[in-house]
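The values are calculated or read from the model by the stated rules, or taken from the named source; none is laboratory data. These figures come from a predicted structure and were not determined experimentally. Don't worry about glycine lacking a Cβ; one is built from the backbone with ideal geometry, like all the others, and counts go over all protein chains shown.
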Amino acid sequence: MSPVVPSLRAVRAGALAENLGIALDTLRANKLRSSLTVLGVVIGVSTVMAMAAIVQGIREQIVHTIEIAGPTTFYVIKYFSQTPLNPDQLPREVRIRPDLTARDAERISQLPEVDYSAIWAQLFGRLDYRGTRTQMITFFGADERYQEVQGGELVDGRWFTPAELASGAPVVVLDEGMARRIFGYVNPLGERVQVAGRPARVIGLYVPPENIFAPPGQEIGAIIPFRMADQQYTIDKTNALWIVVKPRPGVTVAEAQDAVTVALRNMRKLRPGEPNTFDLITQDQILDTFNSITGIFFLVMIVLSSVALLVGGIGVMAIMMVSVTDRTREIGVRKALGATRRDILVQFLIEAATLTGIGGAIGIAFGLIFGTLVTRVMDIEAGVPIWSAAIAAAVSIAIGIVFGLLPANRAARLEPVEALRYE
């Protein structure tokens, strides 16, 4: 290898170190101005990282919840929509579809390809015990195999008996945390509690899996027999009623879905060629839907945080313009001593990149702290993805280079004689 190559590298490394030193000296000399400049970069970078941590954490919760239910579990619903439909203003293609019934679930459960099938409903309301009330919670009308599908553990009492399920008896299995809130030190088993205004006797206490996803304000607080839910409450039969189906061991999801489709079409007397009046949704489809929703959410958050980064970049440009003006004589001296346009350009680009790089580093630190705090408040386990830190650092430096290019180019174009005359 030629001995000239390492000497060139050494010269370039020395020039880079010198420019970094100049940049740091300039930042130290203008602490307040530099701090205000990097603030926008700090806010933008920390927001991107915090949002990445939240989205990543929620996705991991959903994936783990799906794993609990089992990858083969699928659902029969009236109409599949990525967003809830207004039950009072349903499109015609939804209105003409018959509602799901317990009879549909019973027929599906008799199929040789199916191990388990039951109709469930989701409802909302408050728990009330002698004047002590919870916030609005989610409760389910389900059956004794709820725990098998959703995971968790029955820590006290029992699940529903066949007689209670068949009659719609007013009994309830409470979330242990909810029970503790409204009963205090009173043993809830055997006590009567109001579930969305209807009385029910507490027969069990249930602890959901720690990783199950429940949005704030919609915690799952109670499970009642489906028939009780059907008899005593108004169910949104478009958005909140579905049939849970588990194939038998050795039967694929596709085979079970085909069998369910044939059975429901026969029950509804659909002719060949007529479209289905129901939809089937698998765990993969649920995850895909969730990914599309969180993808949009994450994109919006990036756009919003990009505004802060843009403001920070404009601030960098303004500060560098002021810096070029303030240091006009310095530029003239350097050019008189032999500095080229390229040397001046690189000097100011490195200074701008250093400014935003420091902002990016501070933003990453704040993003790590803020992301951790938010995920703990939301009770989800998540770390800030490494890729978000790498992207944040690269973007912050890129902003410095892009927005520092104009003032750096202006500095490089200054004529030495005019720069030395500047007062």
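Taking the condition of being touching a helix residue (DSSP H, G or I) at 6+ places or on another chain (Cβ under 9 Å) and either within 13 Å of Thr73 (Cβ to Cβ) or charged (D, E, K, R) (or both), how many residues in the range 257-267 meet it?
Matching residues across the range 257-267 total 1.
Under 8 Å between Cβ atoms, which residue pairs at least 6 apart in sequence (or on different chains) link something in the range 159-172 that is in the same structural domain as Leu205 (by TED's automatic domain parsing) and crowded, with 21+ Cβ neighbours inside 10 Å with a partner that is aliphatic (A, V, I, L, M) and part of a loop (DSSP other than H, G, I, E, B)?
Phe160/Ala169
Is there a residue in the range 112-131 that is assigned by TED's automatic domain parsing to the domain that holds Arg265, charged (D, E, K, R) and touching a Leu at 6+ places or on another chain (Cβ under 8 Å)? Spell out the reasoning first.
Step one: filter the range 112-131 for residues assigned by TED's automatic domain parsing to the domain that holds Arg265, giving 112-131.
The next check asks that each one be charged (D, E, K, R); those that pass are 113, 115, 126, 128, 130.
From the residues that got through so far, the ones that are touching a Leu at 6+ places or on another chain (Cβ under 8 Å) too are none.
Checked the range 112-131: no residue is assigned by TED's automatic domain parsing to the domain that holds Arg265, charged (D, E, K, R) and touching a Leu at 6+ places or on another chain (Cβ under 8 Å).
Just the residues that are basic (Lys, Arg) and either more than 33 Å from the chain's Cα centre (by Cα) or assigned to a loop (DSSP other than H, G, I, E, B) (or both), please, taken from the range 171-202.
Pass one, the range 171-202, residues basic (Lys, Arg): 180-181, 192, 198, 201.
Answer for the range 171-202, where residues must be basic (Lys, Arg) and either more than 33 Å from the chain's Cα centre (by Cα) or assigned to a loop (DSSP other than H, G, I, E, B) (or both): Arg192, Arg198, Arg201.
Need pairs with beta-carbon distance below 7 Å; first residue modelled with pLDDT of 90 or more and within the range 273-286, second of a type in the set (Gly, Ala, Ser); sequence gap 6+ or separate chains.
The qualifying pairs do not exist here.
Given Val171, Val149, Val155, which one is β-branched (Val, Ile, Thr) and either under 25 Å from Ala259 (Cα atoms) or in contact with a His (Cβ under 6 Å, 6 or more places away or on another chain) (or both)? Steps first, answer last, please.
Values: Val171 fails: either under 25 Å from Ala259 (Cα atoms) or in contact with a His (Cβ under 6 Å, 6 or more places away or on another chain) (or both); Val155 fails: either under 25 Å from Ala259 (Cα atoms) or in contact with a His (Cβ under 6 Å, 6 or more places away or on another chain) (or both).
Val149 is the lone residue from the list that is β-branched (Val, Ile, Thr) and either under 25 Å from Ala259 (Cα atoms) or in contact with a His (Cβ under 6 Å, 6 or more places away or on another chain) (or both).
Here are Leu154, Leu85, Leu100: which of them is under 25 Å from Arg198 (Cβ atoms), of a type in the set (A, V, I, L, M, F, W, C), under 32 Å from the mean Cα position of the chain (by Cα) and in a loop (DSSP other than H, G, I, E, B)? Let's see the steps before the verdict.
Values: Leu154 fails: in a loop (DSSP other than H, G, I, E, B); Leu85 fails: under 25 Å from Arg198 (Cβ atoms).
One residue alone meets the criteria, Leu100.
So Thr356 fits all but one of (1) farther than 23 Å from Ile391 by Cα; (2) polar (S, T, N, Q); (3) modelled with pLDDT of 75 or more; what number is the exception?
(1)
Do you know which residues across the range 121-145 are more than 26 Å from the chain's Cα centre (by Cα) and closer than 25 Å to Lys237 by Cβ?
Within the range 121-145, Arg126, Leu127, Gly141, Ala142, Asp143, Glu144, Arg145 meet the criteria.
Looking at the structure I just gave you, is Ile380 modelled with pLDDT under 75, under 30 Å from Asn239 (Cβ atoms) and surrounded by 15 or more Cβ atoms within 10 Å (Cβ to Cβ)? First the steps, then the outcome.
Details: modelled with pLDDT under 75: yes; under 30 Å from Asn239 (Cβ atoms): yes; surrounded by 15 or more Cβ atoms within 10 Å (Cβ to Cβ): yes.
It is true that Ile380 is modelled with pLDDT under 75, under 30 Å from Asn239 (Cβ atoms) and surrounded by 15 or more Cβ atoms within 10 Å (Cβ to Cβ).
Look through Gly400, Gly363 and report the one residue that is at pLDDT 70 or above and either in contact with an Asp or Glu (Cβ under 9 Å, 6 or more places away or on another chain) or part of a helix (DSSP H, G or I) (or both).
On the way: Gly400 fails: at pLDDT 70 or above.
Criteria check complete, one pass: Gly363.
Results for (1) of a type in the set (Val, Ile, Thr); (2) over 16 Å from Val193 (Cβ atoms); (3) outside any loop (DSSP other than H, G, I, E, B), shown as yes or no for each residue.
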| residue | (1), (2), (3) |
| --- | --- |
| Ile119 | yes, yes, yes |
| Phe139 | no, no, yes |
| Glu144 | no, yes, no |
| Glu148 | no, yes, yes |
| Ala163 | no, yes, yes |
| Ala169 | no, no, no |
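Given the structure, is Val171 modelled with pLDDT of 95 or more, touching an Asp or Glu at 6+ places or on another chain (Cβ under 7 Å) and at negative phi? Can you show your working first?
Working: modelled with pLDDT of 95 or more: yes; touching an Asp or Glu at 6+ places or on another chain (Cβ under 7 Å): yes; at negative phi: yes.
In short, yes.
Quick one: count up the residues across the range 249-278 that are part of a loop (DSSP other than H, G, I, E, B) and under 19 Å from Phe80 (Cβ atoms).
From the range 249-278, those part of a loop (DSSP other than H, G, I, E, B) are 249-252, 268-278; that's our starting set.
Next, only the ones that are under 19 Å from Phe80 (Cβ atoms) stay: 268, 270, 274-278.
Qualifying residue count for the region: 7.
Does at least one position in the range 147-155 carry a residue that is within 21 Å of Asp236 (Cβ to Cβ) and either in contact with a strand residue (DSSP E or B) (Cβ under 9 Å, 6 or more places away or on another chain) or of a type outside the set (Asp, Glu) (or both)?
Taking the range 147-155 first, the residues within 21 Å of Asp236 (Cβ to Cβ) are 149-150.
Subsequent filtering for residues that are either in contact with a strand residue (DSSP E or B) (Cβ under 9 Å, 6 or more places away or on another chain) or of a type outside the set (Asp, Glu) (or both) retains 149-150.
Yes: the range 147-155 contains one or more residues that are within 21 Å of Asp236 (Cβ to Cβ) and either in contact with a strand residue (DSSP E or B) (Cβ under 9 Å, 6 or more places away or on another chain) or of a type outside the set (Asp, Glu) (or both).
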